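Chemist: The structure that follows is given in the form of structure tokens.
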Amino acid sequence: MTSEQIESITSERTPLKAWLQGSSIKLVMALVGIFFFFVVAIGIQHGVKTRAANQRILAELAEEGVPEAERAKDSRLEDAWLNGWFASNRFLGRRNLETIARQTTIVGMAALGMTLVIISGGIDLSVGSVVALSTVVIAWLLQDGGLGPLTAALGGVAAAAFFGFLSGVLITRLRVVPFIVTLGMMLVVRGAAKGIGREQKINVEVDRLRWLDELLASVPKGHWMLVPIGVWLLLVLAIGVALMLRYTRLGRHIFAIGSNEETARLCGVGVERVKVIVFALGGLFAGLGGLMQFSRLTVGDPTVAVGLELDVIAAVVIGGGSLAGGEGSILGSIVGALIMTVIASGCTQMGLPNWVQEIITGVIIVVAVALDRLRHRRAD
Amino acid sequence: MAERVDSDHSARLEMQGVCKRFGATIALDEVGIRVSSGEVLALVGENGAGKSTLMKVLSGAIKADKGLMWLDGVSYRPANPLEARRAGVAMIYQELSLTPHLSVQENIMLGMEPATLGVVRWKEVRRRAVDAVREFDNPELRPDAQVSTLSVGSQQLVEIARALAIGCRVLVLDEPTSSLTQQDVDRLFEIIGRLKKQGKAIVYISHFIEEVKRVADRVTVLRDGRVVGTSEIQAISTDQIVAMMVGRQVDELYPRSSRRAGEVVLEIEDLAGAEKPICASLELHRGEVLGIGGLVGAGRTELLRSLFGLAPVRSGKIRLGVYTGPASPVRRWLQGAGLLSEDRKAEGLALSLSVAENITLSKLSGFGPLGVVLPGRQDRAAYRWIEKLGIRCRGPRQPVQSLSGGNQQRVALARLLQHDVDVFLLDEPTRGIDVAAKALIYRLIDDLATGSPAEGRKPKAVLIVSSYLPELMGVCDRVAVMCRGRLGPMHRVEEVDEHKLMLEATGQEVRS
């Protein structure tokens, strides 16, 4: 072997370079692109609206016989450019960014777990139910159990993690595919949540909540925290999970199982053990999502978050996760979740009805995955 | 060199008196093999002879009912594949077992990543992976290259590197060359030579006797779960090995009746596809067997696929019977052509469906009134071919995935027969199947091309693509080879030899 070849083998590809070549950067760029698309679109929309209003006013004034020189001085006239500029700035502003971050937190939290599950080649359809269950358990522990907020929160998250663990055990012991087990678990957990709540919402007295309703509460302007504690928690956990996926044996084994389960088993990876851990983590993060949900609404609602799992799966899939396993990233999933929130928020501020948002989100999911496939085919 | 005494189990690997029974069938009956350090033992036998069962016992995937094993004289009883690997017995399977999404280094170190508190020490992973692949001298094997981007040959080297990285003492290669190019095969054999020098014991399983002759020191032949014989490789001829495998002399592997070429049923002129073929012209007559040889990647499969409408046609003329121009697979079937895919598992068969479903899949009419498919009639059609082709199965309702390779291929062929096509397009019809099934397919091809006036069967036209030249020479009337997307001139088999075809296939100038 020539020294050149040895060098080419041993020369390290820097992580930054690899990242720049990867799909995550493109995804981040797509997010920024979509965001600024809305910034511009909202600006233009408001500008155009103002101009139309101005013209109407001018027309009215003309009808009333006001002389042309006087018309322009009417107090109702607004500057179209300035109005568009303000609207854009509102979308770009700290308040809106914070709202987007807050709205992403629940889906983002659950997406951390779902990313692990999907990379390992599985899927978890019970996430929405688990979120509901943990809100109910937290409320129940606070109200009926008389526990403190920390114990109640931990209890809710633990209950969620337990059901994830149970899914994992059933999947590995019964050898039933995750789709079926978690489909069943979706109903079981939803039922359990309704049972605990006796088919009703559990309201919690305000003084029992203490800090529990502040996790996602808006942060006052100029406060050092910038965004609510819940968002920070998501950020820290996301970094932690991403590092775990990249640098630990567990993380690499999750990829290996998703890529080729039989090979992983042959090479001494404890496939069953890893899967149980992955589903338990999936439940845990769904439970944290439930904690955030509870914090926002401060009730234990067994009927909340129906179908949330689909949003979570969509976030992971937009972020480059492959339902066949072996692919996916935490950054991608978080960006995927953000893309969905930005679209929702942008559409709302443009005054587009809900159904338009839904169509756009649907199209984005398919387009994102199609583009990803295209990239794969090119690579082949 | 003095032969070592058997009873002291001093060989690197020794298996003795291994028995395994699955229900009523005896898969292994008192089987014993011995491999010394620095030796390549070839293990040959037809499909179902017990090779893979024996190797599963060796690798800990299944437990033998009876029998003993020793590694370097120490008793060896693996409870599972993992224990076997840790003991130093590594298997390189026919189907690659890699994690395609991970990097070369991660695949090599998978399951034994050095770690501190669960955090992988990547520097060490890298160092050990580089050590493991250095020997192979293959620039494609960068440690952080994603495995799915590598060629099949390189992927196989990653598997071997993984075996070496765990410090294997016994390396089992199961049909390692079945999907490799000639160049990769040569490289693999060179590496096997090096591993021998390092003192590894190698068990080499293959259908290709020529390969075995080239690479092995000794050969053990299995048949029906028993060892038929073991011999030094120089002391035995290819014919003798084949005779031991099938238990009878195969004097007439390639039967050839007197065929009479009739009208032209398939004609292509300057056919070009998306990338390959670049240019191909041929005429196929009724009552003729035409062969296309060449190296893997020359564009032969693409030619058949373009013909059959599975791949685009960019330019050129195709005429099939009275129909001209390209057509979809649906139309091709209606026009009386059928394609046997080279990839039985992924494309050729619907693995989870039954024998009967697979045989009747291309034409589900005539099994009942008004397009209704009556299972009884479907079964009856299937029975006919099960009998005729000797498909070994429990019945027409058995899923094909539980059949052996040779029987699966019979099912795939039966579909063309049941459809009663006129033009048979056969892509690697004998890949990965045993000698008995091969012989049957050769007989069948001859029978199809000859026809039978007594039974009122007209002669058919057969176009075969194969990488195995002796097979083409044996079974075809005319052959041509493809090289880099271009189809060479047709030769009558009497007027050409393998040497000349090989020169054409490798793109050498043919010297007259």
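The values are calculated or read from the model by the stated rules, or taken from the named source; none is laboratory data. Bear in mind the structure is a predicted one, so any value in this text is a computation, not a measurement. Note that we place each Cβ from the backbone using ideal geometry, even for glycine, and neighbour counts take in every protein chain shown.
Chemist: Of all the strands (runs of 3 or more DSSP E) wholly in the stretch B:206-275, which have at least 1 residues that are among the small types (Gly, Ala, Ser) and in the same structural domain as B:Thr450 (by TED's automatic domain parsing)? Steps first, please.
Modeler: On the way: elements: B:218-223, B:226-232, B:264-273.
In the stretch B:206-275, the matching strands (runs of 3 or more DSSP E) lie at B:264-273.
Chemist: Same structure, new question: Out of the stretch B:263-289, which residues are over 17 Å from B:Pro459 (Cβ atoms) and of a type in the set (Lys, Arg)?
Modeler: B:Lys276
A quick yes/no check of all residues on (1) touching a residue at least 12 places away in the same chain (Cβ under 8 Å); (2) buried (at least 16 other Cβ atoms within 10 Å of the Cβ); (3) of a type in the set (Ser, Thr, Tyr):
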{"position": "A:Arg198", "(1), (2), (3)": "no, no, no"}
{"position": "A:Leu215", "(1), (2), (3)": "yes, yes, no"}
{"position": "A:Met225", "(1), (2), (3)": "no, no, no"}
{"position": "A:Trp232", "(1), (2), (3)": "no, no, no"}
{"position": "A:Tyr247", "(1), (2), (3)": "no, yes, yes"}
{"position": "A:Leu250", "(1), (2), (3)": "yes, yes, no"}
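Chemist: Name every residue in the stretch A:262-276 that is modelled with pLDDT under 90 and in a helix (DSSP H, G or I), in order of residue number.
Modeler: Initial filter on the stretch A:262-276 (modelled with pLDDT under 90): A:262-270.
Within the stretch A:262-276, A:Glu262, A:Thr263, A:Ala264, A:Arg265, A:Leu266 meet the criteria.
Chemist: Is it the case, given these coordinates, that B:Asp137 is modelled with pLDDT under 85, of a type in the set (Asp, Glu) and outside the structural domain of B:Ser10 (by TED's automatic domain parsing)?
Modeler: Working: modelled with pLDDT under 85: yes; of a type in the set (Asp, Glu): yes; outside the structural domain of B:Ser10 (by TED's automatic domain parsing): yes.
Judged against the criteria, B:Asp137 is a match.
Chemist: For the stretch B:337-357, enumerate the residues that are hydroxyl-bearing (Ser, Thr, Tyr) and under 21 Å from B:Glu387 (Cα atoms).
Modeler: So in the stretch B:337-357, the residues hydroxyl-bearing (Ser, Thr, Tyr) come out as B:341, B:352, B:354.
Once the filter is applied, which keeps residues that are hydroxyl-bearing (Ser, Thr, Tyr) and under 21 Å from B:Glu387 (Cα atoms), the stretch B:337-357 yields only B:Ser354.
Chemist: Which condition from (1) more than 30 Å from A:Arg94 (Cβ to Cβ); (2) modelled with pLDDT of 95 or more is the one that A:Val241 breaks?
Modeler: Evaluating A:Val241 over (1) more than 30 Å from A:Arg94 (Cβ to Cβ); (2) modelled with pLDDT of 95 or more leaves (1) as the failure.
Chemist: Here's something else I'd like to know. Going through A:Thr135, A:Thr50, A:Thr104, A:Thr99 one at a time, which residue ends up being among the polar types (S, T, N, Q), crowded, with 17+ Cβ neighbours inside 10 Å and under 16 Å from the mean Cα position of the chain (by Cα)? Steps first, answer last, please.
Modeler: Details: A:Thr135 fails: under 16 Å from the mean Cα position of the chain (by Cα); A:Thr50 fails: under 16 Å from the mean Cα position of the chain (by Cα); A:Thr99 fails: crowded, with 17+ Cβ neighbours inside 10 Å.
After ruling out the rest, the residue left standing is A:Thr104.
Chemist: Going through the stretch A:201-253 one residue at a time, which ones are within 14 Å of chain B (Cβ to nearest Cβ) and aromatic (Phe, Trp, Tyr)? Quick ask: steps written out before the conclusion?
Modeler: First, pick out the residues of the stretch A:201-253 that are within 14 Å of chain B (Cβ to nearest Cβ): A:240-253.
Matches in the stretch A:201-253: A:Tyr247 only.
Chemist: With respect to A:Leu187, determine if the residue is closer than 25 Å to A:Leu142 by Cβ and either in the same structural domain as A:Gly128 (by TED's automatic domain parsing) or acidic (Asp, Glu) (or both). First the steps, then the outcome.
Modeler: Values: closer than 25 Å to A:Leu142 by Cβ: no; either in the same structural domain as A:Gly128 (by TED's automatic domain parsing) or acidic (Asp, Glu) (or both): yes.
No; evaluated as a whole, the condition is false for this residue.
Chemist: Next question, about the same structure. When residues of the stretch B:423-442 are filtered for being of a type outside the set (A, V, I, L, M) and at pLDDT below 90, how many remain? It would help to see each step written out before you state the result.
Modeler: Restricting attention to the stretch B:423-442, the residues satisfying the condition of being of a type outside the set (A, V, I, L, M) are B:424, B:427-432, B:434, B:438, B:442.
Going one step further and asking which of them are at pLDDT below 90, we end up with B:430-432, B:434, B:438.
Counting residues in the stretch B:423-442 that are of a type outside the set (A, V, I, L, M) and at pLDDT below 90 gives 5.
Chemist: Please indicate, with yes or no, whether at least one residue in the stretch A:296-318 is surrounded by fewer than 22 Cβ atoms within 10 Å (Cβ to Cβ), under 16 Å from A:Pro178 (Cα atoms), among the aliphatic types (A, V, I, L, M) and in the same structural domain as A:Val189 (by TED's automatic domain parsing).
Modeler: Yes, the stretch A:296-318 has at least one match.
Yes or no, residue by residue, for (1) in contact with a strand residue (DSSP E or B) (Cβ under 7 Å, 6 or more places away or on another chain); (2) within 30 Å of B:Pro396 (Cα to Cα):
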{"site": "B:Gly297", "(1), (2)": "no, no"}
{"site": "B:Leu310", "(1), (2)": "no, yes"}
{"site": "B:Arg314", "(1), (2)": "yes, no"}
{"site": "B:Arg331", "(1), (2)": "no, yes"}
{"site": "B:Glu342", "(1), (2)": "yes, yes"}
{"site": "B:Val355", "(1), (2)": "no, yes"}
{"site": "B:Arg377", "(1), (2)": "no, yes"}
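Chemist: Could you name every one of the helices (runs of 4 or more DSSP H) located completely within the stretch B:76-143 that has at least 2 residues being in contact (Cβ under 8 Å) with a residue 12 or more places away in the chain, more than 7 Å from chain A (Cβ to nearest Cβ) and in contact with a strand residue (DSSP E or B) (Cβ under 9 Å, 6 or more places away or on another chain)?
Modeler: Values: elements: B:81-87, B:104-109, B:122-134.
By residue number, B:81-87, B:104-109.
Chemist: Another question about this same structure. Of all residues in the stretch B:144-171 being within 11 Å of chain A (Cβ to nearest Cβ) and over 20 Å from B:Arg194 (Cα atoms), which is surrounded by the most Cβ atoms within 10 Å (Cβ to Cβ)?
Modeler: So, considering only residues that are within 11 Å of chain A (Cβ to nearest Cβ) and over 20 Å from B:Arg194 (Cα atoms), the one surrounded by the most Cβ atoms within 10 Å (Cβ to Cβ) is B:Val147.
Chemist: Residues in the stretch B:169-189: is at least one modelled with pLDDT under 85 and within 30 Å of B:Arg457 (Cα to Cα)?
Modeler: Within the stretch B:169-189 (the criterion being modelled with pLDDT under 85 and within 30 Å of B:Arg457 (Cα to Cα)), the answer is no, since none of the residues qualifies.
Chemist: While we're on this one: Is one or more of the residues making up the stretch B:389-402 under 26 Å from B:Leu469 (Cα atoms) and modelled with pLDDT of 85 or more? Write out each step before concluding.
Modeler: Taking the stretch B:389-402 and keeping what is under 26 Å from B:Leu469 (Cα atoms), we get B:389.
With modelled with pLDDT of 85 or more added as a condition, the list becomes B:389.
Yes, the stretch B:389-402 has at least one match.
Chemist: Considering only the stretch B:48-65, I want to know if a residue exists there that is in contact with a His (Cβ under 6 Å, 6 or more places away or on another chain) and either under 27 Å from B:Ile191 (Cα atoms) or modelled with pLDDT of 90 or more (or both). Before you say what the answer is, go through the steps one by one.
Modeler: Here is the first cut: in the stretch B:48-65, the residues in contact with a His (Cβ under 6 Å, 6 or more places away or on another chain) are none.
No, the stretch B:48-65 contains no residue that is in contact with a His (Cβ under 6 Å, 6 or more places away or on another chain) and either under 27 Å from B:Ile191 (Cα atoms) or modelled with pLDDT of 90 or more (or both).
Chemist: Same structure again: Would you call A:Thr172 polar (S, T, N, Q), under 25 Å from the mean Cα position of the chain (by Cα), modelled with pLDDT of 95 or more and not in a loop (DSSP other than H, G, I, E, B)?
Modeler: Values: polar (S, T, N, Q): yes; under 25 Å from the mean Cα position of the chain (by Cα): no; modelled with pLDDT of 95 or more: yes; not in a loop (DSSP other than H, G, I, E, B): yes.
Against the criterion (polar (S, T, N, Q), under 25 Å from the mean Cα position of the chain (by Cα), modelled with pLDDT of 95 or more and not in a loop (DSSP other than H, G, I, E, B)), A:Thr172 does not qualify.
Conditions (1) among the hydrophobic types (A, V, I, L, M, F, W, C); (2) part of a helix (DSSP H, G or I), marked per residue:
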site	(1), (2)
B:Arg331	no, yes
B:Gly338	no, no
B:Glu342	no, no
B:Lys345	no, yes
B:Ser352	no, no
B:Val373	yes, no
B:Arg377	no, yes
B:Tyr383	no, yes
B:Ile386	yes, yes
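Chemist: If A:Asp207 satisfies all but one of (1) at pLDDT 95 or above; (2) out of contact with any strand residue (DSSP E or B) (no Cβ under 6 Å at 6 or more places or on another chain); (3) assigned to a helix (DSSP H, G or I); (4) not aromatic (Phe, Trp, Tyr), what's the number of the condition it fails?
Modeler: Of everything listed in (1) at pLDDT 95 or above; (2) out of contact with any strand residue (DSSP E or B) (no Cβ under 6 Å at 6 or more places or on another chain); (3) assigned to a helix (DSSP H, G or I); (4) not aromatic (Phe, Trp, Tyr), A:Asp207 misses just condition (1).
Chemist: Something else about it: Suppose we filter B:Val40, B:Val44, B:Val74 for residues that are over 13 Å from B:Asp174 (Cβ atoms), under 27 Å from the mean Cα position of the chain (by Cα) and hydrophobic (A, V, I, L, M, F, W, C); which single one remains? Walk me through it before giving the result.
Modeler: Working: B:Val44 fails: over 13 Å from B:Asp174 (Cβ atoms); B:Val74 fails: under 27 Å from the mean Cα position of the chain (by Cα).
Only one candidate passes the filter, namely B:Val40.
Chemist: Next question, about the same structure. Of the residues B:Gly405, B:Gly348, which is under 20 Å from B:Ser466 (Cα atoms) and crowded, with 21+ Cβ neighbours inside 10 Å? First the steps, then the outcome.
Modeler: Working: B:Gly405 fails: crowded, with 21+ Cβ neighbours inside 10 Å.
After ruling out the rest, the residue left standing is B:Gly348.
Chemist: If you check B:Asp427 against the conditions, is it touching a helix residue (DSSP H, G or I) at 6+ places or on another chain (Cβ under 6 Å) and assigned by TED's automatic domain parsing to the domain that holds B:Ala356?
Modeler: Working: touching a helix residue (DSSP H, G or I) at 6+ places or on another chain (Cβ under 6 Å): yes; assigned by TED's automatic domain parsing to the domain that holds B:Ala356: yes.
The answer is yes for B:Asp427.
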